[in-house]
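The numbers here are math on the coordinates, done by the rules we state, and not lab data. Keep in mind the model is a prediction, meaning the values are calculated, not measured. Methodologically, a virtual Cβ is constructed for each residue, glycine included, from the backbone with ideal geometry; neighbour enumeration extends over all protein chains shown.
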Amino acid sequence: MQTIQNSAKGLGLLVDMNWDRFFFVGAITLALFAASNLGYLAVPSGY
């Protein structure tokens, strides 16, 4: 039980230290998704 508690504390610390990296990866993913959708809409359907 103590090992699980220590692991949970360590995971929480890791998330606290690196939350901005997760945000950055999410923002890049969202930007790529939005760009692909805009590119799809910009290209005429005959191609």
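Tally Lys/Arg at +1 and Asp/Glu at -1 over every other residue whose Cβ is under 12 Å from the Cβ of A27; what's the total?
Net charge in that neighbourhood comes out at 0.
Report the extension gain between F22 and A42 in nm, rounded to one decimal, defined as 0.36 nm multiplied by the number of residues separating them, less their alpha carbon distance.
Computed gain between F22 and A42 is 4.2 nm.
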